[in-house]
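*Asks:* Questions regarding the structure given below will be posed in turn.
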Amino acid sequence: MLRYIAFLRAINVGGRVVKMERLRAVFDSLGLRKVETFIASGNVIFEACAPKAATLEKKIEQALQKELGYGVRTFLRTEGELAEIARYSPFQGAGDGKLFTGFMEAAPSKEAGAKLLGFQTELEQFHLHGRELYWRIQGNSSDSKFSGPLLEKTLGVAATIRNANTVRKLAAKYPADR
């Protein structure tokens, strides 16, 4: 049995409000075990015997589409992967600023990564590492020219963004060495 963390896009943003009880019920209906939610931004923790995470992602997306009436991209990481993501620190020595982690469906092409890195400024830096994007903003995030949809367009892969503090708290609450 593996513990997964599902990062859902389009939950409780843009006027679409979904109660966490409803999300848990959808995951329960799929036969997933020990389903929990973590803050109301589309983070669902569960256990499953799944041969392929990609297959499970699609199964969850289909169930959410049926229940909610709109598409909800789903990005799964195991608790071990999440621990590594939370420990990874690409911006050492220059202050934390506001740090975000983007969970992508796949690593972007080298060309797309280079295109994104070309948008960096003194106030905004990007770092790609596997299927994750690390994004640091010095100053107010409202001053950023980037958003999740623009990042997806630039990188050519689907993604969802979380504050790094949320990622660290999830990793601490659900350690890989249980």
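Where a number appears in this text, it was derived from the coordinates with a stated rule and is not lab data. Being a predicted model, the structure only gives us computed values, none of them experimental. Cβ sites come from the backbone with ideal geometry, for glycine too, and all protein chains shown count toward neighbours.
*Asks:* What are the residues whose amide H is under 5 Å from the amide H of residue 73, where those residues sit 5 or more places off or on another chain and H is modelled from the backbone?
*Replies:* Close amide H contacts, sequence-distant or interchain: 9.
*Asks:* Would you mind checking the tilt of helix 164-173 against the longest principal axis of the Cα atoms of the chain, expressed as 0 to 90 degrees and rounded to 10?
*Replies:* Computed tilt is about 40 degrees.
*Asks:* Quick check for the chain: number of Lys pairs with alpha-carbon distance under 23 Å, counting only pairs 8 or more apart or on different chains?
*Replies:* 25
*Asks:* Mind checking the angle between helix 20-29 and the chain's longest principal axis? C-alpha axes, 0 to 90 degrees, to the nearest 10.
*Replies:* For helix 20-29, the angle is close to 60 degrees.
*Asks:* If you take every residue apart from residue 64 with its C-beta less than 15 Å away from the C-beta of residue 64, what net charge results, scoring Lys and Arg +1 and Asp and Glu -1?
*Replies:* With Lys, Arg at +1 and Asp, Glu at -1, the neighbours total +4.
*Asks:* For the chain, set up a GNM with springs between Cα atoms under 10 Å and report which of 17, 26, 35 has the largest fluctuation.
*Replies:* 17
*Asks:* Follow-up. Can you give me the three principal axis dimensions of the chain from its C-alpha atoms, in Å, biggest first?
*Replies:* Principal axes ranked by extent give 47, 37, 29 Å for the Cα atoms.
*Asks:* Find the centroid of the Cα atoms in the stretch 1-30 and in the stretch 106-138, then give the distance between the two in whole Å.
*Replies:* The stretch 1-30 and the stretch 106-138 have Cα centres spaced 27 Å from each other.
*Asks:* State the volume of the convex hull built on the alpha-carbon positions of the stretch 2-81, expressed per residue in Å³ and rounded to an integer.
*Replies:* Expressed per residue, the convex hull around the Cα atoms of the stretch 2-81 is 81 Å³.
*Asks:* Kirkwood Rh over alpha-carbon pairs of the stretch 1-46, then Stokes-Einstein at 25 °C and 0.890 mPa s: what D in µm² s⁻¹, rounded to an integer?
*Replies:* 227
*Asks:* I would also like to ask the following. Taking the Cα centre of the chain as origin, sum charge times position over the Cβ atoms of Lys and Arg (+1) and Asp and Glu (-1), and report the length of that vector in debye to the nearest 20.
*Replies:* Around 360 debye, computed over the chain.
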